[in-house]
Structure formats: structure tokens, C-alpha cells
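The values are calculated or read from the model by the stated rules, or taken from the named source; none is laboratory data. Quick caveat: nothing in here was measured; it's all calculated off a predicted structure. Virtual Cβ from ideal backbone geometry, glycine too; neighbours counted across all protein chains shown. Protein only, heavy atoms only, side chains kept; ligands, DNA and RNA dropped before computing areas. Shrake-Rupley method; radii C 1.70, N 1.55, O 1.52, S 1.80 Å.
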Amino acid sequence: MFACFVIILASVIIWNIKYRYVPDITRKGREFLAGKEGEVATVTESMLEETVRKGSLYTAEYPYNGYTAVYDEDGETVKYYVAYEGTVKAGFDVRKIEVFLDEESNTIYIRLPEAAVTGPQVNPGTMEYIFEDEKYNTETVAQEAYRAACEDLAERARVDTDIRANAEESAKAAEKALVEPWVNQMERGTEYTVKVLAYGEDG
């Protein structure tokens with residue numbers, strides 16, 4: 001029975017790392033960037049920085065499937081295994097975005113802050129168990145299993161570099177797609193290139 005359980009977990013509960021990236025910038029920020037109708041605005045670092053920071057926190061949500069063992073007080077005896085589904089969020093604080101304008105090459109560099117992984121949440125309604133001994137199937141098993149699943153998910157999120165990498169790539173694409181058309185619409189006759197850099201990445 002246990003071997004069958006492990007095979008099922010290996011094929012079905014392998015981490016399902018999909019993401020939903022939700023970029024946002026407020027209407028006020030768009031208006032500031034576009035300028036008033038009929039005006040010919042000049043692109044400046046301070047203007048770009050202020051505009052980019054008017055956006056909301058960029059977030060990405062990742063569904064996670066996982067499982068973990070729950071041990072007896074001796075720390076060696078497995079009481080049961082719990083499989084679960086949960087989510088982890090990753091995002092960027094736009095207040096920490098840095099902007100540099102190279103006027104010679106008309107290139108705008110936008111550097112993202114380090115991605116923050118937050119909010120690991122386990123859906124308790126998805127938890128399933130397999131007991132090594134039915135004596136461990138008590139009234140308190142759900143609470144104990146939930147704590148173990150939350151700890152397991154938090155640790156997985158802490159060491160998983162894919163979450164940050166995916167969030168960075170999505171943020172870079174979204175930031176470029178958001179800023180580049182606006183600045184090229186704002187200052188007529190000047191073509192700007194926007195390069196978005198992740199935390200620690202060289203230009």
C-alpha cells in the first residue's frame with residue numbers, strides 16, 4: 001500500500017509550478033507618464049522613477065502540490081504521510097525600483113529589487129493521509145497535519161529558486177511592455193529603449 005502511495009505521489013504530486021503574474025499601474029501613474037494632451041513632455045529619470053513607483057506591488061501566485069511525513073515524538077518513527085495543495089506568492093516592492101536614463105543612447109534602465117516570497121498557504125480541505133498505524137488517526141490529526149504541511153510548504157518556498165526566477169522574468173517583460181510604449185509616445189522624435197534588470201543582474 002505504501003509503495004503504491006509513493007508511486008502515485010511521484011507522478012501526481014510532483015511540484016506543479018505554474019504562475020499567474022498580475023502587473024498593475026494606477027490610472028494616475030498612466031496619466032503622469034503620458035502627460036496632458038497636446039503637451040510635448042521631456043523624459044527624465046525623476047519622472048520615470050516617480051511613475052514606476054506609482055504602480056502596485058507586482059505579484060505572482062504559484063500553486064503547489066506536496067507531501068510530507070509526520071513523525072512521532074522520537075523524531076524517527078513515521079506516524080503518517082500527508083499530501084496537500086497550497087499556494088505561494090512572490091512579488092516586488094515597486095518603491096524600491098531604481099531607474100537610470102542614459103541620454104546618449106536613449107536607453108532607460110530599470111532595476112528591480114530582490115523578489116520577496118511570501119504567504120505560503122495550505123488548503124486544509126485538500127489534505128489526504130496514509131497512516132503507518134491506525135492508532136495515529138486521532139481527533140487531533142487534522143491540526144497536526146496542517147501545521148506539518150505549512151512548515152513543509154514554507155521550506156519548499158524558501159529553497160525554490162524557480163519561484164524567484166519566474167517572477168523576475170515576468171516582471172521584466174511586464175515592465176518593459178508597460179514603460180517603453182509610453183515614453184516613446186511622450187517625447188516625439190526620440191526613440192527610447194527600455195532594459196529591465198533583475199536584482200544583481202548586470203546591464
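Among the protein heavy atoms, those of Thr118 account for about 70 Å² of accessible surface (1.4 Å probe, every chain in place).
Each residue was assigned an accessible area with a 1.4 Å probe, and for Leu153 the value is about 0 Å². Take the stretch 78-203 with all the other protein chains still there, run a 1.4 Å probe, and you get 55 Å² of accessible area per residue. Accessible-area rank, largest first, for Phe131, Phe100, Phe92: Phe100, Phe131, Phe92, with all protein chains present and a 1.4 angstrom probe. From the largest down, the stretch 45-203 spans 77, 26, 19 angstrom on the principal axes of its Cα atoms. The 1.4 Å probe gives accessible areas that order Asp202, Asp162, Asp152, largest first, as Asp202, Asp162, Asp152. Close amide H contacts of Leu197 (hydrogens built in the peptide plane, cut-off under 5 Å, sequence separation of 5 or more or a different chain): Ile110, Arg111, Leu112. Among the GluC sites (Glu not before Pro) in the stretch 94-127, those placed in a DSSP loop whose Cβ has at most 16 other Cβ atoms within 10 Å are Glu103, Glu104, Glu114.
If I stretch the segment between Tyr129 and Glu45 completely, what's the gain in nm (0.36 nm per residue apart, minus their alpha carbon distance), one decimal?
Working: separation 84, 0.36 × 84 = 30.24 nm, distance 5.58 nm.
Using 0.36 nm per residue and subtracting the Cα-Cα distance, I get 24.7 nm.
Amide hydrogen proximity for Tyr71: with H placed 1.01 Å from N in the peptide plane, the residues at 5 or more positions away or on another chain lying under 5 Å are Lys79.
Converting phi to 3J(HN,Hα) with the Karplus coefficients 6.51, -1.76 and 1.60 and the offset θ = phi - 60°, the stretch 127-132 yields 6, 10, 10, 9, 9, 6 Hz in sequence order, with x at every glycine or proline. Using a probe radius of 1.4 angstrom, the carbon and sulfur fraction of the accessible surface of the stretch 59-203 is 43%. A simple spin-label model places the labels of Asp162 and Gln185 3.7 nm from each other, with each point 7 Å out along Cα-to-Cβ.
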